[in-house]
Amino acid sequence: MRRAAHPSPPRRRSPRWTAFAFLAPLVVYLIVFYAYPLYRNIELSVHDYTPRAFVQGNPEFTGWENYRNILSDDTFLRALRNTAVFTLGSIAVQYALGLALAVFFHRNFRLSAVLRAMFLVPWLLPLIVSASTWSWMLNSENGIVNAALQAFGIGQINWLTSPDTSLLSVTIANIWLGIPFNLVILYAGLQNISADLYEAAGLDGANAWQRFWRITFPLLRPVSAITLLLGLIYTLKVVDIIWIMTKGGPADASATLAIWSYREAFGTGQPDFSPAAAVGNILILIAFAAGLLHVHLQRKEERA
Amino acid sequence: MTPRSWWRTALGVVLVALMLFPVYWMFNVSLTKTGDMRADPPHWFPWDPTFEGYAAAFTQQLPALATSLFIGLGTVALTLVVALPAGYSLAKLRPLGGRGIDFLLLVAQMIPGVVMAMGFYAIYIRLGMLNTVAGLIVADSTLAVPFGVLLFRAFMASIPAELMAAAQIDGASTWRTFRSIILPLSRNSVITVSLFTFLWAWSDFIFASTLNRNSDVIPITLGIFRYIGNNTTQWNSIMATAVIASIPAAFLLVLAQRYIAAGVTAGAVKD
């Protein structure tokens with residue numbers, strides 16, 4: 001379309017300009033509210049911004065030093081490992097449970113639409129609500145989870161305050177939050193698989209297990225790939241739920257890259273924006289890598 | 001109904017009960033007396049409910065609720081003003097660089113919130129926009145604008161070109177066509193985008209806790225967060241506030257359910 005000539009004489013302003021006029025607010029918006037904050041973030045990461053330099057605007061240029069410091073910091077490997085465990089653990093379990101539920105709800109039965117809608121609730125609640133509820137449920141002395149475990153003779157577990165379980169606790173809460181999203185997307189994917197295939201398989205005597213592994217799972221692969229990648233991108237960014245439940249503690253046990261960045265910048269009385277921005281930019285690189293893969297897969301899917 | 005499908009319904013009810021247990025627990029705790037809060041074993045049902053939690057929540061958090069309502073509505077307005085014309089342009093007017101914008105919108109949704117928060121902080125501190133409601137509205141709108149544009153574009157692309165051609169033959173300008181034909185036909189997608197935008201702005205924690213943390217005028221998410229930090233004994237009040245903060249979500253689920261699935265699958269977006 002780009003080079004297409006318009007044979008009809010322009011009756012009013014050129015359509016090109018009209019098209020751009022409607023797009024202009026968005027373009028300005030993207031430049032001012034996305035590109036500029038991103039640029040500021042890169043600028044922060046190559047200077048030494050103290051709170052005072054922030055106000056006066058005369059920080060010292062330090063080049064790659066913030067990045068070098070970050071990469072050689074002990075917290076970096078720890079946060080990277082926690083990010084990997086939190087992200088991969090979350091999306092794997094969310095996907096498995098979401099898929100099981102999607103298959104379960106795919107067979108229409110009485111109340112199935114209402115029950116499926118109820119599964120959306122965790123996804124619609126403000127994160128502060130879910131996170132504070134989970135905090136109280138996992139409370140060591142008064143939490144309902146420990147009270148229930150006690151009935152089975154399991155002693156008190158310090159879910160949020162022990163370095164052994166805090167990462168697990170925030171991962172569980174995050175899985176709970178992500179199930180609805182996986183359910184909705186995978187359910188929509190199932191709707192697109194032709195019922196004839198199942199009928200034919202049924203005639204050939206395939207049982208439910210075989211139907212799932214021979215038809216559903218292979219045909220759902222493109223949708224699955226997109227679901228997992230979107231899950232990856234969203235989970236990498238998570239701050240709220242971890243910050244509210246554990247603040248990344250105890251002793252960095254549940255600190256991810258996003259939490260580390262947030263804490264350096266906003267979490268302590270001494271804001272340290274430059275290293276925080278450097279960590280944030282490393283996080284962006286990881287997210288973009290996943291994002292490019294997502295765009296690539298989606299294009300492939302559209303062509304198919 | 002065959003017996004087999006009844007069995008599925010029963011299993012479905014059990015699964016929902018398991019999934020929504022935390023939500024039930026929030027309700028239960030919100031109605032528990034402060035003295036019973038640390039009972040062992042905990043009270044599984046609010047047999048002896050109290051509304052002291054709700055009373056405390058209303059007296060202390062009413063300004064925060066009003067602030068969140070205002071921020072939510074402001075964010076919806078800003079998002080629609082930016083996203084509606086852009087969606088129209090991308091869907092129907094074939095602007096130069098349209099494909100590039102598509103790609104930028106996808107990339108924009110991948111930027112971590114903490115990075116955006118630092119960028120906004122660095123800008124706002126110079127402009128004196130820290131701790132202002134306007135600053136928070138602008139920041140919150142970045143959660144929704146890419147989603148809004150992509151959803152509007154997808155929806156408006158499905159409006160038949162004949163309708164627009166007919167309007168143009170009648171001498172309507174592009175703006176007139178947009179206002180009298182495209183906008184009325186896009187009502188459902190406007191509702192979907194507005195609902196999600198409101199919900200995200202209402203639920204935002206990252207921007208509130210970074211750009212508004214020293215403000216006297218705080219949204220409800222920050223209200224709850226400070227609550228948790230201040231008095232960890234008053235969990236009935238905290239949970240009562242949480243229940244109140246969940247009202248928009250409940251509203252969305254009950255009254256606007258059909259728009260939700262449309263939103264999730266069209267944009268596949270959520271932070």
**OP:** Kindly write out, for region B:205-220 in residue order, the coupling ³J(HN,Hα) from the Karplus curve 6.51 cos²θ - 1.76 cosθ + 1.60 (θ = phi - 60°), rounded to whole Hz, with x marking Gly and Pro.
**Re:** 10, 4, 5, 4, 7, 10, 8, 10, 6, 9, 8, 7, 9, 10, x, 5
Original post:
What residues qualify as long-range amide H neighbours of residue A:47, i.e. H under 5 Å apart, gap of 5 or more or another chain, H built at 1.01 Å from N?
Top reply: A:62
Subject >> Phi-based couplings in Hz for region B:133-144 (Karplus 6.51, -1.76, 1.60; Gly and Pro marked x) >> reply: 5, 4, x, 5, 4, 4, 4, 5, 5, 5, 5, 10
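Specify the longest stretch of chain B that does not include any exposed loop site, a site being one of the chymotrypsin sites (Phe, Trp or Tyr not before Pro) with a non-H, G, I, E, B DSSP assignment and at most 12 other Cβ atoms within 10 Å. Working shown, then result.
On the way: sites that count: B:44, B:47.
Result, exposed sites excluded: B:48-271.
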Original post:
Using alpha carbons only, how many degrees (0 to 90, rounded to 10) separate the axis of helix B:52-88 from the longest principal axis of chain B?
Top reply: 10 degrees
**OP:** Report, to two decimal places, the Cα Rg of region B:61-267 normalised by 2.2 N^0.38 Å (N = number of residues).
**Re:** 1.16
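Mind sorting A:111, B:211, B:11 by how few other Cβ atoms lie within 10 Å of their own Cβ, fewest first?
B:11, A:111, B:211
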Original post:
When chain B is modelled as a GNM with alpha-carbon springs shorter than 10 Å, which of B:164, B:110, B:118 fluctuates the most?
Top reply: B:110
Original post:
Compactness ratio of region A:140-247: Cα Rg over 2.2 N^0.38 Å, N = residue count?
Top reply: 1.54
Original post:
So how long is each side of chain A along the principal axes, counting just the alpha-carbon atoms, biggest first, in Å?
Top reply: 83, 75, 32
Original post:
Can you name the helices of chain A, as whole DSSP H runs, whose Cα span along the helix axis is 20 Å or more and whose Kyte-Doolittle mean is not below 1.0?
Top reply: A:15-30, A:74-106, A:166-191, A:221-237
Subject >> Gyration tensor over alpha-carbon atoms, the protein assembly as shown, equivalent ellipsoid semi-axes in Å >> reply: 38, 33, 24
Original post:
Mean residue ellipticity at 222 nm from the helices of chain A, using -39,500 (n - 2.57) per DSSP H segment of n ≥ 4 over the full residue count, to the nearest 500 deg cm²/dmol?
Top reply: -21000 deg cm²/dmol
Subject >> Kirkwood estimate for region A:95-201, i.e. one over the average of 1/r between Cα atoms, Å >> reply: 16.1 Å
Original post:
For region B:187-196, what does the Karplus curve 6.51 cos²θ - 1.76 cosθ + 1.60, with θ = phi - 60°, yield as ³J(HN,Hα) per residue in whole Hz, taken in order and with x for Gly and Pro?
Top reply: 3, 4, 6, 5, 4, 4, 5, 4, 4, 5
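We did not get these values from a lab; they are worked out from the coordinates using the rules stated. A quick note: this is a predicted structure, and the numbers were derived from the prediction, not measured. For neighbour counting, all protein chains shown are included, and Cβ atoms are generated from backbone atoms with ideal geometry for every residue, glycine included.
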